[in-house]
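> Here's a structure for you.
The values are calculated or read from the model by the stated rules, or taken from the named source; none is laboratory data. Computed from a predicted model, the values in this text were never measured in an experiment. With ideal geometry, Cβ positions are generated from the backbone for all residues, glycine too; neighbour counts draw on all protein chains shown.
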C-alpha cells in the first residue's frame with residue numbers, strides 16, 4: 001500500500017512519520033510531480049495536477065479538515081472516494097470556543113472589561129439562561145459536541161439540520177420548512193454548517209432578523225455563509241446585539257475591513273478549532289484498515305450534496 005501526502009500550510013514530514021508509525025506496512029511519501037501511483041492520498045488544498053496524475057488508481061482522498069468545500073472546487077477522479085475527518089481533535093476545541101463566546105456575551109464580560117479600564121466598580125443585572133436559547137445550525141459530529149457542552153451550562157439548546165436528528169436534550173428542527181421556527185426559537189445562533197450551494201449566504205438579513213431580539217451570532221463554519229453587509233445593518237439597528245466571527249469571505253481579513261472596528265463584533269483568525277495531527281492520523285489509519293476489511297467508514301463525502 002502506498003500513501004501520498006500533500007499539505008498546503010503544513011510541514012509534511014511530521015505527518016509522514018506519524019502515518020508510517022500508524023501503518024508500518026505502508027509506503028508513505030510526500031507528493032511531487034511524477035510521483036508513483038498511490039492507493040490513498042492525505043491532503044489539504046492539493047493542486048489539480050496531483051489529482052490528475054494520481055487519478056488512475058487512487059482509491060481514497062483523505063481531507064484533513066472537516067470542511068471539503070475547497071477541494072470540491074477541483075475535478076476529482078471519478079472512481080475515488082473523498083473522506084473527511086469527523087473530528088481530528090476539533091470537536092472539543094470548537095465546544096470550548098463556542099462556550100467561551102456564549103458565556104462572555106451572556107455574562108456581559110466585555111462590559112466589565114471596559115468598566116475596569118476606567119476603574120469603575122459596577123454590576124450588571126443577572127440574566128436568565130432560559131432567555132438565551134442557543135440554536136446550532138449543523139448537527140454533525142461538531143454540532144453535537146457543541147450542543148453537549150452548551151447543555152452543561154444549562155442553556156436551552158435547539159438544533160437544525162437538513163434531515164431530522166435526534167440528540168438528547170436538544171429540540172430538533174429539520175429542513176427548509178422548519179428553519180424559520182428554529183430561528184424564532186433561538187436567541188444565540190451558532191453556525192456549524194458545511195458550505196454548499198444551498199447554505200452559501202444562509203446568514204443574511206431575512207434569516208438573522210428572525211432570531212429573538214438582541215440575538216448573538218457565532219460563526220465558526222465558513223465566511224461564505226454570511227452576508228457581511230446584512231450583519232452590520234442588523235447590529236447597527238440593535239436587532240442583533242453582537243457577533244463572534246472566526247471565518248470570513250476573505251482570509252486573512254483585510255486591514256481596512258469594517259469588522260475590525262465594529263464595537264459589537266469580535267474577530268478571531270480562523271482559530272476556533274485546528275486539526276490535531278495525532279488524532280487525525282489515528283482516524284485515517286483506522287479508516288484505511290476498515291476499508292481493507294471491506295467495512296464501511298464514516299465521513300465519505302457525497303460530492304453531489306457537498307458534504
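> Here are 231, 217, 211: which of them is over 28 Å from residue 64 (Cβ atoms) and outside any loop (DSSP other than H, G, I, E, B)?
Exactly one residue qualifies, and that residue is 231.
> Okay, moving on. Where in region 107-175 are there strands (runs of 3 or more DSSP E), lying fully within it, with 2 or more residues that are within 30 Å of residue 301 (Cα to Cα) and out of contact with any helix residue (DSSP H, G or I) (no Cβ under 7 Å at 6 or more places or on another chain)?
Working: elements: 134-137, 157-161, 171-174.
So the answer is 171-174.
> Take residue 101 and decide whether it is in contact with a strand residue (DSSP E or B) (Cβ under 9 Å, 6 or more places away or on another chain), part of a helix (DSSP H, G or I), over 18 Å from residue 288 (Cα atoms) and modelled with pLDDT of 95 or more.
yes
> Out of region 204-225, which residues are in contact with a strand residue (DSSP E or B) (Cβ under 8 Å, 6 or more places away or on another chain) and either outside the structural domain of residue 178 (by TED's automatic domain parsing) or closer than 24 Å to residue 108 by Cβ (or both)?
208, 211, 214, 215, 216, 217, 218, 219, 220
> Quick check on residue 230: is it in the same structural domain as residue 102 (by TED's automatic domain parsing), surrounded by 14 or more Cβ atoms within 10 Å (Cβ to Cβ) and without any contact (Cβ under 8 Å) to a residue 40 or more places away in the chain?
yes
> Just need a number here: residues in region 260-292 that are touching a residue at least 40 places away in the same chain (Cβ under 8 Å) and under 15 Å from residue 64 (Cβ atoms).
So the count comes out to 15.
> For region 16-44, give me each residue that is more than 21 Å from residue 55 (Cβ to Cβ) and in contact with a strand residue (DSSP E or B) (Cβ under 6 Å, 6 or more places away or on another chain). Working first, answer last.
Quick first cut of region 16-44, residues more than 21 Å from residue 55 (Cβ to Cβ) only: 16-25.
Matches in region 16-44: 16, 19, 20.
> Regarding region 244-253, can at least one residue be identified that is part of a helix (DSSP H, G or I), farther than 21 Å from residue 144 by Cβ and modelled with pLDDT of 95 or more?
no
> Read through the list (1) in contact with a helix residue (DSSP H, G or I) (Cβ under 6 Å, 6 or more places away or on another chain); (2) under 22 Å from residue 243 (Cβ atoms), then give the number of the only condition that residue 90 fails.
Of the numbered conditions (1) in contact with a helix residue (DSSP H, G or I) (Cβ under 6 Å, 6 or more places away or on another chain); (2) under 22 Å from residue 243 (Cβ atoms), the odd one out for residue 90 is (1).
> Quickly run through region 78-87 and pick out the residues that are touching a helix residue (DSSP H, G or I) at 6+ places or on another chain (Cβ under 6 Å) and either closer than 30 Å to residue 56 by Cβ or at pLDDT 95 or above (or both).
Those that are touching a helix residue (DSSP H, G or I) at 6+ places or on another chain (Cβ under 6 Å) and either closer than 30 Å to residue 56 by Cβ or at pLDDT 95 or above (or both): 85, 86.
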